[in-house]
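Everything on this sheet refers to the single structure shown next.
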Amino acid sequence: MKKRKVNPVTRLFVKLLGNEKYQVITIPVFAILLSLIVGALVIAALGKDPLSAYTNLLQGCGLWQKPKYAGGKSMGTDFFSFMNYWTPMIFASLAVAVALKAGLFNIGVSGQMLAAGFVSTILVGYSSLAAPIAKPLVIIISIIVGGLVGAFMGWLKYKFNINEVVSSIMFNYIIQYVVAFFINTKYVDPVSRQSKNVSDAARLTLMSTEIGGFKYDIPLGIILAVIVALIINFIFNKTTFGYEITTVGLNRKAAQYAGISVGRKMVQAMLISGALAGLAGATYYLGYFSSIQPKVLAATGFDSIAVSLLGNSNPLGILLSSFLISIMGKGKTYMSSSAGLDAEIASVITGLILLFSACGAFIRYKVKRAKENMTEIEKENKVEVDK
């Protein structure tokens with residue numbers, strides 16, 4: 001009987017992705033590489049150089065050197081601006097992840113961001129408080145406001161079994177139009193038609209800070225974002241509280257049978273989720289921006305859903321996935337001007353990344369089948385040799 005041979009591609013496929021211990025990392029990375037390859041084919045089909053386009057994305061984020069810079073700017077200037085853009089995405093994605101851990105879908109992150117940003121703006125942003133007082137107050141108020149909105153949604157779910165998706169969407173609209181009313185009637189800037197700019201003392205970004213002859217927009221929230229991600233990771237992996245929330249998310253009936261107060265944990269999870277969304281709002285409306293555009297919800301709150309899923313709702317994975325997606329969002333303007341591509345191509349690549357990442361379960365299944373087939377062939381060949 002002729003020996004069956006294992007396809008070299010299959011062998012390589014299993015070798016790279018077959019270790020189940022590391023599949024939580026290897027499969028998303030593989031999916032991202034596939035999406036970048038397909039994205040490159042799309043760019044090539046448009047008659048442009050994919051390598052140059054991807055380089056332009058990195059250059060727009062300060063992760064690659066540009067050919068030249070305007071006066072007072074450098075590669076570091078672009079990188080700090082990128083970190084300023086990245087910070088709200090981390091907080092927003094963590095907000096979605098915490099809710100998902102409890103089996104809840106917080107689609108109202110944008111509304112919670114807006115509520116926190118607006119209240120912080122009118123209470124602190126328009127005040128004459130000094131920076132050492134104003135900046136911590138912005139953070140505290142944003143946490144409280146976002147947490148209260150999130151907890152209320154959790155309470156509605158617990159008390160009346162109102163689907164959190166429905167309530168969060170409705171709150172998005174309510175907050176959006178209530179805030180727009182107050183901005184247009186009390187706080188509007190007659191020139192920009194947005195809310196008046198907050199004071200520099202209250203802003204969570206040190207704008208145009210000169211260091212070594214170059215100007216930088218230094219985001220104060222980025223360090224806090226990383227610290228919070230590590231804390232959330234510790235809570236869910238090392239504490240009873242995190243274990244209980246995760247248990248509720250996996251099986252509410254089993255959690256209740258084990259003596260866990262399911263309703264309380266849902267409210268607590270939404271409280272934390274809302275608080276994180278509040279931090280996203282603070283670093284967005286009083287950090288990356290300094291004003292609020294009426295009747296507009298931040299796309300960050302919606303993009304964070306995909307980012308959280310891409311990071312497997314793992315805080316450390318979210319740091320990486322939010323970094324990648326932020327490159328697409330921040331670098332697309334420079335790519336468009338340098339490569340002559342529409343900025344929407346970056347959105348296409350982002351969509352491809354999310355699409356391939358959503359196929360993670362299918363990729364895992366195919367790896368398992370390939371691994372089983374390879375083992376079967378090797379056993380058959382061994383039997384033949386023994387004969």
Mind checking whether some residue in the range 254-264 is of a type in the set (Lys, Arg), within 22 Å of residue 144 (Cα to Cα), open to solvent by less than 50 Å² (accessible area, probe 1.4 Å) and in a helix (DSSP H, G or I)?
no
Taking the options 278, 212, name whichever one is out of contact with any Cys (no Cβ under 9 Å at 6 or more places or on another chain), open to solvent by less than 40 Å² (accessible area, probe 1.4 Å) and not β-branched (Val, Ile, Thr).
278
Filter result for the condition that a residue is over 19 Å from residue 321 (Cα atoms), in contact (Cβ under 8 Å) with a residue 40 or more places away in the chain and of a type in the set (A, V, I, L, M), over 104, 63, 41, 58:
104
Only one of these is in a helix (DSSP H, G or I), over 22 Å from residue 106 (Cα atoms) and open to solvent by 50 Å² or more (accessible area, probe 1.4 Å): 362, 323. Name it.
362
Would you say residue 317 is assigned to a helix (DSSP H, G or I), surrounded by 19 or more Cβ atoms within 10 Å (Cβ to Cβ) and in contact with a strand residue (DSSP E or B) (Cβ under 6 Å, 6 or more places away or on another chain)?
no
When residues of the range 190-199 are limited to those that are modelled with pLDDT under 95 and closer than 30 Å to residue 73 by Cα, the one surrounded by the fewest Cβ atoms within 10 Å (Cβ to Cβ):
191
Selection from the range 64-95 of residues that are more than 24 Å from residue 230 (Cα to Cα) and hydrophobic (A, V, I, L, M, F, W, C)
64, 70, 75
Which of the residues belonging to the range 228-276 are under 14 Å from residue 158 (Cα atoms), of a type in the set (S, T, N, Q) and in contact (Cβ under 8 Å) with a residue 24 or more places away in the chain?
268
Residue 35 versus (1) touching a Pro at 6+ places or on another chain (Cβ under 9 Å); (2) open to solvent by less than 20 Å² (accessible area, probe 1.4 Å); (3) at pLDDT below 95: which is the lone unmet condition?
(1)
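Residues to consider are 228, 165, 179; find the one that is at pLDDT below 95, under 25 Å from the mean Cα position of the chain (by Cα) and within 21 Å of residue 114 (Cβ to Cβ).
165
The values are calculated or read from the model by the stated rules, or taken from the named source; none is laboratory data. Remember, it's a predicted structure, so these values are computed and weren't measured experimentally. In this analysis, Cβ positions are derived from the backbone assuming ideal geometry, glycine residues included, and neighbour counts consider all displayed protein chains. Accessible surface is based on the protein model in full, side chains and every heavy atom, while ligands, DNA and RNA are left aside. Shrake-Rupley method; radii C 1.70, N 1.55, O 1.52, S 1.80 Å.
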